[in-house]
Amino acid sequence: MEFEMERFISALFDRSPPHAVEHLQLVLIPLTTAFIIAFPTAVLLTRRRFIKYTDRVMTFFNMGQTIPPLAVIAIFFPFLGLGRTPALFALTIYALLPIARNTLAGLKGVPQDVKEAARGMGMSEWEMLFKVEIPLSMPVVMAGVKISVVLTSGTAALGALVGGGGMGAVIFAGIDFFRAELIIAGTLIIGVIAIVLDRLLTVIDNILTPPHMKT
Amino acid sequence: MIKLDKVDKVFPGTTVPAVDQVSFQVDEGNICVFVGPSGCGKTTILRMINRLVEPTGGDIYIKGQKVSDKGVNPDYLRREIGYVIQQIGLMPHRTIEQNVALVPRLLKWPEDKIKPRVKHLLEMVGLEPDEVAQKYPHQLSGGMMQRVGVARALAADPPIMLMDEPFGAVDPIVRGRLQDEFLRLQKEMKKTICFVTHDINEAIKMGDHIVIMNKGRLVQHGTPMEILSNPADEFVKDLIGSDREIKLLELTRSEEIVEHTDEIPEVVNKKDCFIQAIDPVQRALETMMKKDSDLVGVRDGESFIGTISWEDIKKHINRISGDQA
Amino acid sequence: MELFGGSTGWFAGFYDEYLGFVSFIIRRWDQVIEYTFNHFSLVLTVMFFSLVLWISVGLLISRYEKLANTAFGIGNILFVIPSISLFGIFITIPMLGLGRTSAALALILYAMMPMVRNVYRGIKSVEWPIIEAGRGMGMSPLQILFQIQIPMAWPVIFAGIRVTVVMITGIATVATYIGERNLGRFIHHGIARESADMIIAGAVLVSIIAVLLDFILGKIEFKITSPGLRREQDQN
Ligand SMILES: Nc1ncnc2c1ncn2[C@@H]1O[C@H](COP(=O)(O)OP(=O)(O)OP(=O)(O)O)[C@@H](O)[C@H]1O
Ligand SMILES: [Mg+2]
């Protein structure tokens with residue numbers, strides 16, 4: 001493999017930064033939107049009135065996973081045209097699945113006896129949700145968000161295919177011209193974004209998780 | 001048959017020994033019961049005998065041979081020693097039949113010998129072979145699983161059995177029945193058995209010999225009678241509990257204290273108040289209370305041999321426990 | 001469109017609007033067959049090597065705990081690398097270049113994480129009393145591995161295989177950008193020509209393959225998993 005340090009440095013520091021900002025947007029906007037949609041939906045689905053739909057929704061989510069990431073990116077583009085909008089749309093949908101699934105799993109995993117005890121102490125349904133169920137399921141929920149971060153930051157590299165920008169632009173240039181330096185530089189920055197976000201979420205997780213559940 | 005000589009075990013990463021300078025001997029055909037509070041090292045002793053754990057000091061002998069000898073392959077050694085583990089540990093992915101046949105298959109018994117053997121064993125521990133053989137462990141109750149655990153340990157007819165709280169997971173009534181059945185089996189099998197429990201009553205009932213442990217040390221050992229009539233210290237006394245006298249009555253046969261006479265007293269006849277000579281004295285007491293009489297007739301089979309009175313029982317209690325009171 | 005009696009009536013309208021990809025598939029049948037075949041063969045090749053390699057690694061690290069963290073570290077890093085980058089990096093290695101070898105290698109690396117993790121988890125999920133019983137009955141370490149740990153870990157290992165197959169089937173589409181002629185090509189060209197029909201055709205076909213493989217594996221899993229373990233699975 002030909003590898004020129006100079007070209008690598010220039011790829012990393014001259015060419016990448018604007019794309020890195022785009023990439024960060026391609027990750028954060030879908031992730032936040034996805035959380036705002038998926039978390040309450042999943043919580044709602046575990047409420048008594050909707051619980052009968054949970055399995056069906058889970059099946060739907062699991063099927064969603066079989067759609068290839070490239071297809072997800074591509075699918076909105078004929079309807080929404082070139083640009084960031086189709087990419088953001090697609091990535092949001094992609095990020096939904098792990099968050100929703102883990103929220104459901106987390107809430108379902110709260111032991112029945114803990115809930116009984118809470119009810120026995122006279123907690124209302126809402127109090128129980130906010131004081132018992134959500135705090136106890138937080139580690140699982142956060143794990144889902146982290147999976148979404150990794151999936152989204154990787155898949156966002158495909159956003160460039162539909163004109164969404166991001167680090168994919170640099171990587172695809174590298175593929176078209178057989179330039180390992182560009183590919184590696186692009187990958188490195190995506191990796192850094194994913195890892196930094198992951199660490200940030202760990203910090204948030206530590207703040208949100210009740211002290212006795214920490215390992 | 002089994003001999004421990006100053007055996008120590010200090011687990012890595014700990015400083016307090018789990019087993020501390022323990023020596024004793026189990027004779028062939030005997031049941032030796034280890035009893036003591038949780039964490040006193042009972043399981044560890046069993047696991048050292050079949051080399052699941054290696055002692056850090058001392059020696060263990062089986063039939064005069066050191067188990068730690070270079071020539072002894074631990075896997076082969078274990079196939080010769082039946083082991084009923086505390087947590088039962090049935091293989092969930094195998095049927096009951098396959099679970100029981102585990103050791104015979106390891107020993108490469110011919111299949112046509114295994115099938116009838118499994119059937120026989122399941123019957124022996126009181127399970128219906130046709131009903132349970134093809135089931136999986138999760139389809140059985142806790143008590144049934146324990147029986148399967150015992151059957152599995154007996155499968156290859158090992159001369160030695162290590163039984164770690166084999167009747168722990170069942171209610172007292174079922175436990176009593178399992179104990180009775182097992183003692184009946186043992187009369188024929190005559191195996192050398194190390195039996196762990198933390199229930200002193202079980203120890204007295206099952207043991208030819210009892211080893212009392214506390215914090216890794218052997219506190220006292222001897223026959224149930226020796227231990228009941230002569231507890232070594234406060235710990236043993238506490239362990240035996242305040243009903244020591246009653247337990248002694250369970251261990252004494254009525255014929256030992258019977259007042260021999262040929263004449264059947266009228267009151268005994270009228271109230272139909274009789275027991276057998278081999279019944280424990282405990283039974284005499286119960287019968288007296290039930291029939292509201294202070295005299296009970298003792299028979300040996302059909303023939304009348306004498307009576308036991310309330311006074312006789314009191315004298316007996318004073319005799320066996322009074323000396324060291 | 002002749003197939004359904006011209007372009008009149010509500011059905012034709014519905015068909016034009018939403019099912020255009022069906023007629024695309026019918027029109028390009030030969031290509032569909034070729035791409036599907038290539039897709040399948042790539043996924044199967046990758047799965048074959050992944051099973052051999054990653055199950056061995058999973059078993060190895062369940063025995064040698066110290067290696068486990070290293071293996072998971074590597075798996076995690078590989079997982080953070082976007083698929084397109086991994087493909088890209090492989091083609092710039094002179095020995096490999098454009099084509100199947102690069103595509104397969106990249107996908108095998110991707111399979112590491114879910115496979116190794118599940119093998120390890122499955123083996124570790126066997127509770128110690130069962131292992132203790134096995135040892136106590138005189139089973140050798142290898143007998144414990146093959147007669148207890150692996151059979152009991154099957155449900156978890158298989159879950160890992162299924163996740164991996166679905167994932168590899170999806171990511172394989174991206175390999176079209178390094179010269180694989182598989183179903184990803186419909187999506188690739190669909191973007192270039194702004195053809196929704198082409199994109200949807202590609203997406204639907206890939207999803208069908210993924211679901212189909214998952215379904216078949218599910219059947220196999222049911223067949224080879226001991227009924228004694230099924231109830232425990234239901235509880236998860
Ligand atoms: N593998 C091990 N590593 C470290 N310590 C151990 C190990 N196994 C047992 N111990 C310790 O050794 C001591 C004796 O344990 P053991 O299991 O023999 O007790 P036990 O008498 O069988 O108790 P129980 O009645 O609860 O079964 C305990 O303090 C226990 O914590
Ligand atoms: Mg124990």
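For the reader, a short list of remarks on this structure follows.
- Pairs where the first residue, in segment B:24-46, is within 14 Å of another protein chain (Cβ to nearest Cβ) and among the acidic types (Asp, Glu) and the second is more than 10 Å from ligand 1 (Cβ to nearest atom) and part of a loop (DSSP other than H, G, I, E, B), C-beta under 9 Å, 6+ apart: none
- The number of residues in segment B:168-199 being at pLDDT below 90 and within 16 Å of ligand 2 (Cβ to nearest atom) comes to 4.
- Cβ pairs under 8 Å, 6+ apart, first in segment B:5-16 and over 17 Å from B:LEU46 (Cβ atoms), second open to solvent by 60 Å² or more (accessible area, probe 1.4 Å) and not in a loop (DSSP other than H, G, I, E, B): B:LYS6/B:GLN21
- Single residue of segment A:102-123 satisfying the filter (more than 32 Å from the chain's Cα centre (by Cα) and in a loop (DSSP other than H, G, I, E, B)) that is surrounded by the most Cβ atoms within 10 Å (Cβ to Cβ): A:MET123
- Boolean, C:ILE33 is out of contact with any helix residue (DSSP H, G or I) (no Cβ under 6 Å at 6 or more places or on another chain) and modelled with pLDDT under 90: no
- Cβ pairs under 9 Å, 6+ apart, first in segment C:60-78 and more than 11 Å from C:MET112 (Cβ to Cβ), second among the aromatic types (Phe, Trp, Tyr): C:ILE61/C:PHE72; C:ILE61/C:TYR120; C:SER62/C:TYR120; C:ALA68/C:TYR120
- For B:LEU46, the conditions (1) within 12 Å of ligand 1 (Cβ to nearest atom); (2) in a loop (DSSP other than H, G, I, E, B); (3) in contact with a strand residue (DSSP E or B) (Cβ under 7 Å, 6 or more places away or on another chain); (4) not hydroxyl-bearing (Ser, Thr, Tyr) all hold with the exception of (2).
- Residues that are within 16 Å of ligand 2 (Cβ to nearest atom) and open to solvent by 40 Å² or more (accessible area, probe 1.4 Å), drawn from segment B:18-42: B:PRO37, B:SER38, B:GLY39
- A:ALA90, sole failed condition from (1) under 26 Å from C:GLY179 (Cβ atoms); (2) surrounded by fewer than 23 Cβ atoms within 10 Å (Cβ to Cβ): (2)
- Reported count of residues in segment B:176-199, each being within 16 Å of ligand 1 (Cβ to nearest atom) and away from chain C (no Cβ under 14 Å), is 4.
- Sub-6 Å Cβ pairs linking a first residue in segment C:136-156 that is open to solvent by less than 10 Å² (accessible area, probe 1.4 Å) to a second residue that is aromatic (Phe, Trp, Tyr), at least 6 apart or interchain, are C:GLY136/B:TYR83, ordered by first then second residue.
Residue by residue, here is whether (1) closer than 23 Å to A:GLU4 by Cβ; (2) more than 10 Å from chain C (Cβ to nearest Cβ); (3) assigned to a helix (DSSP H, G or I); (4) among the acidic types (Asp, Glu) holds:
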{"position": "A:THR155", "(1), (2), (3), (4)": "no, no, yes, no"}
{"position": "A:GLY174", "(1), (2), (3), (4)": "yes, no, yes, no"}
{"position": "A:ILE184", "(1), (2), (3), (4)": "yes, no, yes, no"}
{"position": "A:VAL192", "(1), (2), (3), (4)": "yes, no, yes, no"}
{"position": "A:ILE195", "(1), (2), (3), (4)": "no, no, yes, no"}
{"position": "A:LEU201", "(1), (2), (3), (4)": "no, yes, yes, no"}
{"position": "A:ILE207", "(1), (2), (3), (4)": "no, yes, yes, no"}
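- Residue tally, condition more than 16 Å from ligand 2 (Cβ to nearest atom), open to solvent by 10 Å² or more (accessible area, probe 1.4 Å) and more than 11 Å from chain C (Cβ to nearest Cβ), over segment B:151-166: 2
The values are calculated or read from the model by the stated rules, or taken from the named source; none is laboratory data. Since the structure is predicted, the reported quantities are computational estimates derived from the model, not experimental observations. Positions of Cβ are generated from backbone atoms using ideal geometry, with glycine treated the same way; all protein chains shown enter the neighbour counts. Accessible surface is based on the protein model in full, side chains and every heavy atom, while ligands, DNA and RNA are left aside. Shrake-Rupley method; radii C 1.70, N 1.55, O 1.52, S 1.80 Å.
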